[in-house]
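Chemist: Below you will find the structure I want to go over with you.
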Amino acid sequence: MGKNLIGKAVNAITRCPYCKGSGRVAHYHQGAEVIKNGRTVAYTECTRFKTCPDCGGSGRSR
């Protein structure tokens, strides 16, 4: 139990704050509107990702 808590604390401290540990950040956002009978009924968002410039894609702060 103690090892697990220590591991979680270390992960929280060393996680990259810019990408939140994923190693990827949004490059740009784009989306499309779903139109039926002339009315917008939904919006679909597609996000293109790139490697985090802060941590280099590792997800850990340097």
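The values are calculated or read from the model by the stated rules, or taken from the named source; none is laboratory data. This one's a predicted model, so the numbers in the text were calculated from it and none came from an experiment. FYI the Cβ positions are ideal-geometry reconstructions off the backbone, even for glycines, and counts take in every protein chain you see.
Chemist: Can you pull out every residue in the stretch 1-16 that is of a type in the set (V, I, T) and either part of a loop (DSSP other than H, G, I, E, B) or within 22 Å of C55 (Cα to Cα) (or both)?
Modeler: V10, I13, T14
Chemist: Exactly one condition in (1) surrounded by fewer than 10 Cβ atoms within 10 Å (Cβ to Cβ); (2) over 13 Å from the mean Cα position of the chain (by Cα) is false for T14; which is it?
Modeler: With (1) surrounded by fewer than 10 Cβ atoms within 10 Å (Cβ to Cβ); (2) over 13 Å from the mean Cα position of the chain (by Cα) applied to T14, the lone miss is (1).
Chemist: Suppose we keep only residues that are of a type in the set (S, T, Y) and loosely packed, with under 10 Cβ neighbours inside 10 Å within the stretch 34-52. Which one would you say is nearest to the chain's Cα centre (by Cα)?
Modeler: T44
Chemist: While we're on this one: If you go through the stretch 17-33, how many residues are modelled with pLDDT of 85 or more, of a type in the set (A, V, I, L, M, F, W, C) and either part of a loop (DSSP other than H, G, I, E, B) or more than 16 Å from the chain's Cα centre (by Cα) (or both)?
Modeler: Count: 1.
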